[in-house]
Amino acid sequence: MTYQDLATISERYFEQKMAAEPFTATMFGVPGFDDQVGDPSRAGDERRLAELEETARALSAIDPSGLTGQDRITYAMLGLLIKNERADIAGRTHELTVSAGITGVHTGILSSMPATPLPTPRRAADYLTRLRALEGFFDAVLERYRQAGREGRHQVARSVRQAIEQLDGYLATDVAADPLLQPAPDDDWRAEAQKIVAEHVRPALARWRTAFAEEFLPVARDDARVGICHVPGGTEAYLAAARSHTTTDLTPEEIHQIGLDVITRLREEFSEIGGRALGTSDADEVMAALRTDLALRFETADEIVASATDALARANAALADWFLPYDIAPCEVREIPALAAKDSVLAYYSPPAADGSRPGIHWINTYDPPSRARFEYEALAFHESVPGHHLQLAVSQTLDDLPAFRRFGHITAFGEGWGLYTERLTDEMGLYSTDLTRLGMLSFDAWRACRLVVDTGMHHLGWSRERAVQFMRDNSAASESNINNEIDRYIAWPGQALAYMIGRLRILELRSYAEAELGEGFDVKEFHHRVLSSGSVPLDTLGQIVEEWVASGGAKPVSQA
């Protein structure tokens with residue numbers, strides 16, 4: 001089979017993937033899916049499995065020995081993505097995601113849909129069509145939760161209670177102020193949208209609230225059994241999730257130990273920088289001060305926004321010394337919507353729309369400013385915006401020679417590994433404003449190392465929620481509210497938290513290898529270009545890309561690879 005056959009397979013895979021995940025398509029600005037919600041039922045899963053089987057058969061007809069360059073990468077990536085998605089569907093961990101955090105289905109929709117740009121009458125009409133379809137979508141998701149329960153696969157009680165509280169808050173608000181009405185292009189459109197929300201969307205979520213309280217909560221797992229290992233099939237599902245999110249064959253036990261080893265090394269850095277910033281070289285005292293000293297907290301939401309915005313501006317100004325020039329979409333800092341902020345994480349990122357209708361967005365949590373640490377938001381900004389997720393994903397969107405599934409895809413270990421790598425890179429770049437904010441960088445390192453321990457601890461070793469919380473208290477500077485929100489996120493999203501540190505360690509390993517092999521010929525700009533210019537790839541593939549570049553003597557590309 002020819003290159004054209006691989007291109008056709010890749011294009012069909014991407015179209016089918018976007019049809020299965022139309023909210024993702026809208027987020028990336030991929031046209032043609034803005035009126036759809038997808039099919040979250042088990043029948044929908046079966047149809048998706050049939051599509052994946054068809055793609056796998058087509059791919060197997062291609063002889064990979066005849067492929068070179070990016071085609072070889074495309075072939076390998078398609079095979080891996082098919083394997084991982086099959087395992088994800090089989091594990092059905094998405095049936096156990098009742099949550100008030102970013103993994104919650106309703107939370108995601110109520111937060112993301114209002115950010116949909118509606119520049120044309122067609123886009124506005126598509127939004128209303130999608131809005132009408134939400135009732136059936138929510139009902140189908142609820143049925144998935146019920147099916148899991150009938151099989152003895154129950155939700156986590158704490159997460160259910162948080163979701164009930166969040167839904168109560170949402171349903172008690174004036175429908176005229178509903179977040180789903182925010183992008184209104186005109187009064188007639190808004191009136192129609194409000195009617196749909198009042199008569200269809202809110203009643204569907206009211207049914208969720210009733211089911212959560214009356215059906216799910218009485219049989220939900222308590223804090224002693226939050227891990228997925230406590231549900232039928234959970235152990236196998238977690239092994240698959242760990243492989244998928246890290247793109248490695250590391251066992252949970254190996255990942256657990258890696259986390260412990262990184263935490264041990266970080267204590268020396270806490271001592272060194274803490275001595276300068278806080279006047280104590282005792283690592284425990286440094287972390288305790290970062291967690292409890294109220295003088296290190298913000299006072300207003302505006303201060304939080306300013307911290308992130310200023311960090312982004314400094315990073316943009318310094319890019320030319322560390323990266324090749326890229327013509328990419330801008331990035332903005334915005335506050336997480338109030339509906340989700342209380343139970344949400346510190347921050348997250350939404351990529352720019354490919355059609356230019358929306359910039360990349362670094363969403364930051366400004367809920368209860370006195371609970372937010374001043375020293376954290378610079379590292380956070382570098383991770384989520386520039387040179388972290390925004391630079392990586394915006395560059396990926398410009399790689400027109402690559403198949404769409406690679407330009408818009410997100411391999412967790414690569415993307416999150418890159419984000420965490422940039423938190424340290426920006427220290428090299430001299431972007432942290434004080435030693436205190438450098439402690440924020442260390443705090444985030446410890447936090448991500450703790451993830452390896454507590455995620456495997458809960459989902460593989462059977463730890464209680466309190467044991468996981470206590471471990472993070474003892475080994476990071478995260479505040480109590482952040483620890484609780486983060487642990488609840490890991491409970492609802494098994495395996496995802498493993499990707500960050502595993503990915504970062506691999507990127508650092510490859511950089512050290514390239515520096516050692518190339519010596520004076522090593523160019524950090526070219527290294528970063530090699531990492532970024534093939535889109536989001538598995539860690540083994542990234543290793544091959546860097547090794548081939550080193551073998552070429554660190555050659556500068558004639559054009560983007």
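None of the figures in this text is laboratory data; all of them are computed from the coordinates on show. Since we're looking at a predicted model, the values are computed, not measured. Glycine gets a Cβ as well: all are built from the backbone with ideal geometry, and neighbour counts include every protein chain shown.
If the viscosity is 1.002 mPa s and the temperature 20 °C, what Stokes-Einstein diffusion coefficient in µm²/s follows for region 110-221 when Rh is the Kirkwood radius over Cα pairs?
Approximately 141 µm²/s, per Stokes-Einstein.
Placing +1 at every Lys and Arg Cβ and -1 at every Asp and Glu Cβ, with all other atoms neutral, what dipole size does region 3-239 have around its Cα centre, in debye to the nearest 20?
I would put it at about 520 debye.
With only Lys, Arg, Asp and Glu charged, each at its Cβ (+1 for the first two, -1 for the last two), find how big the charge dipole of region 240-503 is about the Cα centre; round to the nearest 20 debye.
That gives region 240-503 a dipole magnitude of about 460 debye.
Using all alpha carbons of region 154-206, what is the percent of pairwise distances in each 10 Å bin, ordered from the shortest bin to the longest?
All Cα pairs considered, the percentages come to 23, 44, 23, 9, 1.
In whole Å, largest first, what are the principal axis extents of the Cα atoms in region 1-82?
40, 27, 17
Between 262, 354, 16, whose Cα lies farthest towards the positive end of the dipole of the chain when Lys and Arg beta carbons carry +1 and Asp and Glu beta carbons carry -1, centred on the Cα centre?
16
Given 25 °C and 0.890 mPa s, compute D for region 51-101 with the Stokes-Einstein relation, Rh being the Kirkwood radius over Cα pairs; round to the nearest whole µm²/s.
Diffusion coefficient, whole number: 192 µm²/s.
So what's the convex hull volume per residue for the Cα atoms of region 3-239, in Å³?
Normalising the Cα hull of region 3-239 by residue number yields 133 Å³.
Compute, for the chain, the length of the dipole vector about the Cα centre, with Cβ point charges of +1 (Lys, Arg) and -1 (Asp, Glu) only. Units Debye, rounded to 20.
For this selection, approximately 940 debye.
Per Stokes-Einstein, at 20 °C and 1.002 mPa s, what whole-number D in µm² s⁻¹ belongs to the chain, with the Kirkwood radius over Cα pairs as the hydrodynamic radius?
88 µm²/s
Per-residue counts of other Cβ atoms within 10 Å, averaged by peptide: what ranking do you get for 405-413, 193-201, highest first?
405-413, 193-201
Note down the relative contact order for the chain as a percent, whole number, built from C-alpha pairs under 8 angstrom at least six residues apart.
18 percent
Residue by residue through region 111-124, what is 3J(HN,Hα) from phi via Karplus (6.51 cos²θ - 1.76 cosθ + 1.60, θ = phi - 60°)? Round to whole Hz and write x for glycine and proline.
The phi angles translate into 8, 8, 4, x, 8, 5, x, 10, x, 10, x, 5, 5, 5 Hz.
With Kirkwood's inverse mean 1/r over C-alpha pairs for Rh, give me the Rg to Rh ratio of region 104-144, two decimals please.
Ratio of gyration radius to Kirkwood radius for region 104-144: 1.04.
Place +1 on the Cβ of every Lys and Arg and -1 on the Cβ of every Asp and Glu in the chain, take the dipole about the Cα centre, and give the residue among 443, 312, 213 whose Cα lies farthest towards its positive end.
Final value for the positive-end residue is 213.
For residue 17, give me every one of the lysines with a C-alpha distance below 24 angstrom, ignoring sequence neighbours fewer than eight places off in its own chain.
Cα-Cα hits under 24 Å: 83.
Out of all Cα-Cα pairs in region 240-503, roughly what percent, to the nearest whole number, are more than 29 Å apart?
The answer is 29 percent, as a whole percent.
For region 171-313, report the % of Cα-Cα distances exceeding 24 Å.
More than 24 Å apart: 71 percent of the Cα pairs in region 171-313.
Output ³J(HN,Hα) for region 458-475: one whole-Hz value per residue in order, computed from phi by the Karplus curve 6.51 cos²θ - 1.76 cosθ + 1.60 with θ = phi - 60°, and x for Gly and Pro.
6, 8, 10, 9, x, 4, 6, 5, 5, 5, 5, 4, 5, 4, 5, 4, 6, 10
Pull up the DSSP beta bridges for the chain and report the antiparallel fraction as a percent, rounded to 5.
45 percent
Amide H neighbours of residue 335 under 5 Å, counting only residues 5+ apart in sequence or on other chains, H built in-plane at 1.01 Å?
Excluding prolines and chain starts, which carry no amide H, the hits are 364.
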